1. So which aspartates and glutamates can Lys92 reach, going by Cα to Cα under 12 Å and dropping same-chain residues fewer than 8 places off?
2. Among residues other than Asn204 whose Cβ falls under 12 Å from its Cβ, what is the net charge (Lys/Arg +1, Asp/Glu -1)?
3. Quick one: go through segment 107-148 and flag any residue whose amide nitrogen is under 19 Å from the point 7 Å out along the Cα-to-Cβ line of Arg203.
4. Students often forget the sequence filter, so: which aspartates and glutamates lie under 20 Å Cα-Cα from Lys33 once same-chain residues fewer than 8 apart are removed?
5. Which links in Lys105/Lys194; Lys105/Lys186; Lys65/Lys136; Lys65/Lys143 stretch past 26 Å when you go from one Cα to the other?
6. Dipole of segment 118-214 (Lys/Arg Cβ +1, Asp/Glu Cβ -1, origin at the Cα centre): which of Leu190, Ser180, Val164 lies farthest to the positive side?
7. Using the basic label-point model (7 angstrom from Cα toward the beta carbon), what is the Glu94 to Ser125 distance in nanometres?
8. Mind checking the dipole of segment 91-164: about its Cα centre, +1 per Lys or Arg Cβ, -1 per Asp or Glu Cβ, Debye to the nearest 20?
Amino acid sequence: MHKTGLLGLCVPVWNSVRMASSGMNRRDPLANKVALVTASTDGIGFAIARRLAQDGAHVVVSSRKQQNVDQAVSTLQGEGLSVTGTVCHVGKAEDRERLVATAVKLHGGIDILVSNAAVNPFFGSLMDITEEVWDKTLDINVKAPALMTKAVVPEMEKRGGGSVVIVASIAAFSPLPGLSPYNVSKTALLGLTKTLAIELAPRNIRVNCLAPGLIKTSFSRMLWMDKEKEERMKETLQIRRLGEPEDCAGIVSFLCSEDASYITGETVVVGGGTLSRL
């Protein structure tokens, strides 16, 4: 479809037609959507929460500590963003239920879930891992995202569908030395994403995965904590810098928007070109 412009030239208007049919505003692609983001008071989760709110969503942030929730909410509300928060330990059923209930009570439903919470309680050989460490790692990193998704599905169905983004890691593709249980858990999330995508597609719920590479956060600090380590890490990247949390945030917002309405079951690697060197 074309229209005549000021100079008498025919120019395509597919974008305007697409926007009109979807009701999507390019300036606020997530307008009036309600988003839950777990582990979102710092690092990648915080950057994602901020970006979703900047793009028009009402965001509920969460963390295990009330003081962290209060600080994140205060910061983002101070930027004029629609953000609230509640304490949530994703390994506890009652906390997951409270997170869902908070969103429904404050905003009337849920459209988006970003499952970002993860732990890494061990560094060393796979042969030295105790059963307790395995249980903690798999409970938080794998089981909790599955159960969190299960908890929001009924609310998403009431809204006609939704979007889930699970945060894995580049370690799912290229295991990091010494992080054995973490590597395994993040690899499992690739399978969880594909399985959920198949099961939830008939309910108009899309499920995708983000796999960050080396991002400068407190969680990854041991990998870049001094200048020498940072320079060594840069040498492994095609893009010669370490990632920032904001490098992940825009991708998540896109995956939750109508621009990604034909994308599900996929994993997007944000790794500065790490995998291309393998």
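1. Qualifying aspartates and glutamates at Cα under 12 Å: Asp139.
2. Working: positive: Lys158, Arg159, Arg203, Arg206; negative: Asp111, Glu157.
Net of charged neighbours comes to +2.
3. Residues 108-116, 142-148 fall inside that zone.
4. The qualifying aspartates and glutamates are Asp55, Glu79, Glu97, Asp111, Glu155, Glu157, Glu258, Asp259.
5. Details: Lys105/Lys194 31 Å; Lys105/Lys186 32 Å; Lys65/Lys136 18 Å; Lys65/Lys143 21 Å.
Long pairs (Cα-Cα over 26 Å): Lys105/Lys194; Lys105/Lys186.
6. Val164
7. According to this spin-label approximation, the distance is 4.2 nm.
8. Values: 9 positive and 11 negative charges, 82 e Å.
Using Cβ point charges on Lys, Arg, Asp and Glu, segment 91-164 gives about 400 debye.
The values are calculated or read from the model by the stated rules, or taken from the named source; none is laboratory data. Keep in mind that what you see is a predicted model, and the values were worked out from it rather than measured. In this analysis, Cβ positions are derived from the backbone assuming ideal geometry, glycine residues included, and neighbour counts consider all displayed protein chains. Keep in mind that these areas ignore ligands, DNA and RNA; they rest on the heavy atoms of the full protein, side chains included. Shrake-Rupley method; radii C 1.70, N 1.55, O 1.52, S 1.80 Å.
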